[in-house]
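The values are calculated or read from the model by the stated rules, or taken from the named source; none is laboratory data. None of these values were measured; they are calculated from a predicted model. Here the Cβ positions follow ideal geometry from the backbone for every residue, glycine too, while neighbour counts run over all protein chains shown.
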């Protein structure tokens, strides 16, 4: 693969909101892809703080039902129909990847390297962002469409209880994915000369 | 490019500390690569908060001299030789990419969407992490070696003054790169079954 092909993959990754349950690749392939992403995406001091959960089938449906019910309790009644439609759209997908960072690992770094202590939670977020990007792009290369959502911390406790996850796992982002049913819209770009500067 | 080729690129990206000033690709190609990364890497609400500065030639050298001098004032004298060698190693490279996030953009999101206000600084860090990853991987695909460093906030003010950058640009990370002179060491991996969970 050339650098140009890599950049094409970066460019093709978009937020896809119209997704269906139609199968694109095998579940084993999805799991392999997520495992490879977790194995090879960097983390500060190679601390490997990322934890990923792949929800498929009933578990995927359950996550979005749970999120819908949680939101029903807090979204004003006259706005809830819109919220419900949005949740229904995510539930229409094939699966969801949940991105966590293990607080136990981050706290361990803070104790071991006190002079950098305040930076480790920030670097943990950088690493989580990288994991999100790698999984997103890999799913799109396989023919899925995905988007990045953030219903944490509203759903954290119920998620941990439902799937018996360690209490130290902090939910950072959720990525519903499925076969794309709608092409992404045009993307607007700010002028690059205001965003990138070169000095020799 | 297949998903497998994308994952190969992800896997090939490593922290490379031994780097030289030997040219690998043209400066124009480096700039193009960074511009493409900034154009196509996502940000929350497409806010495009990332700002990147590419330092080449004298500017690259100046950055590492500046950082060395800043550290000289705060690192205990008996540890400074090691610090100086490390800085000298980064200066031995071809260039440095500085990653910023524009606080003005993030503050604007916080004002426009008060119910998510506390999340925007975190999502800005996720996006910065993605930018770091994309540039790192693209540089390695072109034959460079790179690593991620964090001498912010120590050097922030001098950097902004030296290259007349807007005060709202917050320095997040620094990436020295150059032609690799040393292969990366073996990488240790935690068991994946403790880091990735699947539920159907």
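Laid out as a table, the results:
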item	result
Filtered residues of segment B:4-31 (kept if more than 28 Å from residue B:86 (Cβ to Cβ) and either crowded, with 16+ Cβ neighbours inside 10 Å or at the interface with chain A (Cβ under 7 Å from one of its Cβ atoms) (or both))	B:5, B:6, B:7, B:8
Members of segment B:132-142 that are more than 20 Å from residue A:120 (Cβ to Cβ) and touching a strand residue (DSSP E or B) at 6+ places or on another chain (Cβ under 7 Å)	B:135, B:139, B:140
Test: residue in segment A:181-193 that is in contact with a strand residue (DSSP E or B) (Cβ under 8 Å, 6 or more places away or on another chain), surrounded by 20 or more Cβ atoms within 10 Å (Cβ to Cβ) and at pLDDT 95 or above	no
In segment A:61-87, the residues that are touching a residue at least 24 places away in the same chain (Cβ under 8 Å) and either out of contact with any strand residue (DSSP E or B) (no Cβ under 9 Å at 6 or more places or on another chain) or on the phi > 0 side of the Ramachandran plot (or both)	A:65, A:66, A:70, A:71, A:74
Residues (at the interface with chain B (Cβ under 7 Å from one of its Cβ atoms) and crowded, with 23+ Cβ neighbours inside 10 Å) located in segment A:55-64	A:55
Members of segment B:178-191 that are touching a residue at least 12 places away in the same chain (Cβ under 8 Å) and within 20 Å of residue A:45 (Cβ to Cβ)	B:182, B:184, B:187
Within segment B:32-43, tally of residues that are surrounded by fewer than 20 Cβ atoms within 10 Å (Cβ to Cβ) and more than 7 Å from chain A (Cβ to nearest Cβ)	1
Test: residue B:8 is in a helix (DSSP H, G or I), over 14 Å from the mean Cα position of the chain (by Cα), under 22 Å from residue B:173 (Cα atoms) and without any contact (Cβ under 8 Å) to a residue 24 or more places away in the chain	no
Enumerated strands (runs of 3 or more DSSP E) restricted to segment B:81-200, each holding at least 3 residues that are away from chain A (no Cβ under 11 Å) and under 30 Å from residue A:2 (Cβ atoms)	B:169-180
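Each row is one residue, and each column tells you yes or no for (1) surrounded by fewer than 17 Cβ atoms within 10 Å (Cβ to Cβ); (2) in contact (Cβ under 8 Å) with a residue 60 or more places away in the chain; (3) under 20 Å from residue B:193 (Cα atoms).
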residue	(1), (2), (3)
A:131	no, yes, yes
A:136	no, yes, no
A:146	no, yes, no
A:158	yes, yes, no
A:172	no, yes, yes
